[in-house]
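S.K.: My questions will all concern the structure given below.
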Amino acid sequence: MKNFDSDLSSVVRINIGGKKFWTTTDTLTQREPDSMLAAMFSGRHTLCQDSDKGYVFVDRDGKHFRHILNWLRDGVVPTLEESEYTELLREAEYYQLLGLMDGIHAVLNKRKEDDEFHTELTRTDIIKCIQSDRVRFRGVNLSGLDLSKLDLSFVDFSYACLKNVFFSRANLQCAKFRDVDAEGSIFHNATLRECEFTGANLRGALLAGACLQSANLQDACLVDSSFCGADLRSAHLQNADLTNANLEGAILEGANLKGAKLSNANLKGANLQRAYLRHVNLQNTHLEGARLDGANLLGAIR
């Protein structure tokens, strides 16, 4: 006979940014055993619970946590809009849910294949084009294409529509993205050294782990974008809008952030040594554990 008390003892109450959920330790630990959630509820760690109801608090947006629980229960990727997949991918990245991340990428890739019929060029067309000496896709609609792992160095994408393009692990060194619309695009682990993104729209883009050394992001819209662990050494971010951007653990050594908007930006554990932050408003910026040695903070509002 099943032990009802044993079932109750495995129930877990979680408070994700104010949204409350009930689940079990089996759900949190079995499908993704190497995830942060599995580690938290493995029994190896002491968890902080409120004294009233016994909820474990996690300081994240709870909007998509139900999708995460359903994934852990059933292994099914939810059907969402493109922008919501970007948000869910960011949460999956935080909780280190590698299976869910792969599942989301698979869904997005399938959608991109379906959308290729509506774009001006296909992945095959791009591969043929980059075999020539000088490649330009200025003003071309490439939205939804999978251009991952391609060598696109020095390619000119200026003024193009690159919404939801998948550039993961692509070599984009010295490529030009001036005034592009790349909302929701994925540049995960891409090489973007010395790229030009002046005036680009990268709202909600995923650039985690990307190499952006000496990249020019002046006047770019980087709202809600993710630069977790990205290398932004000596990057030009003058007047860039980084509102709600996630730069946790990013390397911004020697970066120029003059006039940048950093409201609610996450710079926890970021390396800001010798960065230019003069007169920048840092009042609502999360800087816990950030390294600021040698940074120019003259007139910065803190």
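The values are calculated or read from the model by the stated rules, or taken from the named source; none is laboratory data. Quick caveat, the model's predicted, so the values are computed rather than measured. In this analysis, Cβ positions are derived from the backbone assuming ideal geometry, glycine residues included, and neighbour counts consider all displayed protein chains. Just the protein is used for accessible areas: all its heavy atoms, side chains included, with ligands, DNA and RNA removed. Shrake-Rupley method; radii C 1.70, N 1.55, O 1.52, S 1.80 Å.
S.K.: Leaving out ligands, DNA and RNA, what percent of the accessible area of the stretch 120-301 is carbon and sulfur, probe 1.4 Å? Please report the intermediate quantities before stating the final value.
M.R.: Values: 3040 of 7420 Å².
Carbon and sulfur atoms account for 41 percent of the accessible area of the stretch 120-301.
S.K.: Only Cα pairs within less than 10 Å get springs; with that Gaussian network setup on the chain, which residue of R203, R138, R44 has the largest fluctuation?
M.R.: R44
S.K.: Shifting gears a bit: Pulled fully out, how much extra length does the chain show between A39 and I127, if you take 0.36 nm times their separation in residues and subtract their Cα-Cα distance?
M.R.: 27.5 nm
S.K.: Next up: About its Cα centre, how strong a charge dipole does the chain have in debye, to the nearest 20, once Lys and Arg get +1 and Asp and Glu get -1 at the Cβ?
M.R.: 560
S.K.: Under a crude label model (7 Å from the Cα following the beta-carbon direction), how far is K20 from Q49 in nanometres?
M.R.: Here the answer is 1.4 nm between the modelled labels.
S.K.: In percent, what relative contact order does the chain have, based on Cα pairs under 8 Å that are 6 or more apart in sequence?
M.R.: 7
S.K.: What base-10 log of the normalised intensity I(q)/I(0) is obtained for the stretch 11-116 from the Debye formula, alpha carbons as equal point scatterers, at q = 0.11, 0.14 Å⁻¹?
M.R.: Log-scaled intensity ratios, in q order: -0.35, -0.55.
S.K.: Give the percent of DSSP beta bridges with both residues in the stretch 11-116 that are antiparallel, rounded to the nearest 5.
M.R.: Looking only at bridges with both residues in the stretch 11-116, the antiparallel portion is about 70 percent.
S.K.: With all protein chains present, how much of the accessible area of the stretch 11-116 (probe radius 1.4 Å) comes from carbon and sulfur, to the nearest whole percent?
M.R.: 46
S.K.: Under 20 Å between C-alpha atoms is the cut-off here; go through the stretch 11-116 and count lysine pairs that meet it, provided they're at least eight residues apart or on different chains.
M.R.: 4
S.K.: A follow-up question, please. I'd like to check one number: the per residue accessible area of the stretch 171-210, probe 1.4 Å, reported in Å² as a whole number.
M.R.: With the other protein chains kept in place, the stretch 171-210 gives 29 Å² per residue.
S.K.: What is the log10 of I(q)/I(0) for the chain, computed with the Debye formula using one identical point scatterer on each Cα and no solvent, at q = 0.09 Å⁻¹?
M.R.: Log-scaled intensity ratios, in q order: -0.50.
S.K.: What is the magnitude of the charge dipole of the stretch 126-178 about its Cα centre, with +1 placed on the Cβ of each Lys and Arg, -1 on the Cβ of each Asp and Glu, and no other charges, expressed in debye to the nearest 20?
M.R.: Computed about the Cα centre, the dipole is about 120 debye.
S.K.: Here is a further query. Express in nm, to one decimal, how much length is gained between S263 and N109 on full extension, taking 0.36 nm for each residue of separation and deducting their alpha carbon distance.
M.R.: Once the chain is fully extended between S263 and N109, it gains 52.2 nm.
S.K.: From the residues T285, I16, L212, which one has its Cα farthest along the dipole of the chain in the positive direction, the dipole being from +1 and -1 charges on Cβ of Lys/Arg and Asp/Glu about the Cα centre?
M.R.: Farthest towards the positive end: T285.
S.K.: Taking R0 as 45 Å, what's the FRET efficiency between H279 and K63 from their Cβ-Cβ distance, rounded to 0.05?
M.R.: According to the calculation, E is roughly 0.85.
S.K.: Send over a whole-number figure in Å² for the accessible area per residue of the stretch 11-116, probe 1.4 Å.
M.R.: Roughly 54 Å² per residue, with all protein chains present.
S.K.: Next question. Could you check the spin-label model distance between R136 and R302? Points 7 Å from the Cα along Cα→Cβ, value in nm.
M.R.: The two pseudo-label positions are separated by 4.7 nm.
S.K.: I'd like the antiparallel share, as a percent to the nearest 5, of DSSP beta bridges with both residues in the chain.
M.R.: 20
S.K.: Under 14 Å from the Cβ of R31, count the other residues' Cβ atoms, weight Lys and Arg +1, Asp and Glu -1, and hand me the total.
M.R.: With Lys, Arg at +1 and Asp, Glu at -1, the neighbours total -4.
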